[in-house]
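The structure appears below as structure tokens.
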Amino acid sequence: MYPTFAKRAKAAGDSQAAERFSHNAEDEAGHARAFQKALDQLS
């Protein structure tokens, strides 16, 4: 979701929004890894 938003913002010339969406994508990927690690520990 966020990578697509970043690409669209960049294409529209909004580098600030593109940077923010890219950062959000990195954060969400980290959250996904943390949640998966916690889930794996429950199994």
Contour minus Cα-Cα span, residue 29 to residue 4, at 0.36 nm per residue, comes to 7.6 nm
With the 8 Å Cα cutoff and a minimum separation of six or more residues, the chain has a relative contact order in percent of 34
Phi angles of the stretch 12-18, converted by Karplus (6.51 cos²θ - 1.76 cosθ + 1.60, θ = phi - 60°) into ³J(HN,Hα) in whole Hz with x for Gly and Pro, give 7, x, 9, 5, 5, 5, 4
Expected sort for 27-37, 8-18 on mean C-beta neighbours within 10 Å, highest first, is 8-18, 27-37
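Laboratory data are not the source of any read-out in this text; all were calculated from the coordinates shown. Since the model is a prediction, treat every value here as computed from it, not as a measurement. Counting neighbours? That spans all protein chains shown, and the Cβs are built from the backbone with ideal geometry, glycine included.
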